[in-house]
Amino acid sequence: MKSILKYSLSFLISFFAANALLAQNNIDHCSDYLTSGFVSDGQEYKAKLDENNRAKFYTTFYGGSQYRLIACGEITDYPLAFSVFDTEKNLLFSNKDNDFTPYWNFTFTSTIDCIIEFEYNNEKPLKNEVMLLIGFKEK
């Protein structure tokens, strides 16, 4: 009886620990990355992945403001890649070059319109949802 109780307890602890780790990168916990003085711009930008497992967002960043982009998705089996481009498709940042970090802190010197692309590298269409949060530091 003690061994059954011992194994059941071990299973429950492992189950809850695994769920807590998986939840860290999902949409419900995206705002957990709004730290170090960053506050949300008040929007949650959500999109369904297309047939190529990509989603795009368009936004404007104002010169002189300090921002944090946060990328979150519902899938934990594949890293979520995100890239930031200007409107002429010049790459400004890619988290592929930074161990797939879920966020990026930056400041532009002048106002710029940007395209933010999310992507899961998978052969099969996933059709899941991704979310972008934009934080900024108040002056």
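Quick check on my filter: what residues within region 36-56 are closer than 18 Å to PHE100 by Cα and outside any loop (DSSP other than H, G, I, E, B)? Within region 36-56, ARG54, ALA55, LYS56 qualify.
Please verify whether region 51-72 includes one or more residues that are among the acidic types (Asp, Glu) and modelled with pLDDT of 95 or more. First the steps, then the outcome.
Of all residues in region 51-72, those among the acidic types (Asp, Glu) come to 51.
Now drop any that are not modelled with pLDDT of 95 or more, which leaves none.
Within region 51-72, none of the residues are among the acidic types (Asp, Glu) and modelled with pLDDT of 95 or more.
Which of the residues belonging to region 57-78 are part of a loop (DSSP other than H, G, I, E, B) and buried (at least 17 other Cβ atoms within 10 Å of the Cβ)? Quick ask: steps written out before the conclusion?
Filtering region 57-78 for residues part of a loop (DSSP other than H, G, I, E, B) gives 62-65, 74-78.
The one that is part of a loop (DSSP other than H, G, I, E, B) and buried (at least 17 other Cβ atoms within 10 Å of the Cβ): ILE75.
Taking only region 49-76 into account, find how many residues are within 19 Å of GLU117 (Cβ to Cβ), under 14 Å from the mean Cα position of the chain (by Cα) and not aliphatic (A, V, I, L, M). The total comes to 7.
Any residue at all in region 128-139 that is within 15 Å of PHE38 (Cα to Cα) and of a type in the set (Lys, Arg)? Within region 128-139, one or more residues are within 15 Å of PHE38 (Cα to Cα) and of a type in the set (Lys, Arg). Of PHE93, PHE118, all but one fail to be buried (at least 16 other Cβ atoms within 10 Å of the Cβ), free of Cβ contacts under 8 Å to residues at least 40 places away in the same chain and not in a loop (DSSP other than H, G, I, E, B); the exception is PHE93.
The values are calculated or read from the model by the stated rules, or taken from the named source; none is laboratory data. Since we're looking at a predicted model, the values are computed, not measured. Here Cβ is always computed from backbone atoms with ideal geometry, including for glycine, and neighbour counts include all displayed protein chains.
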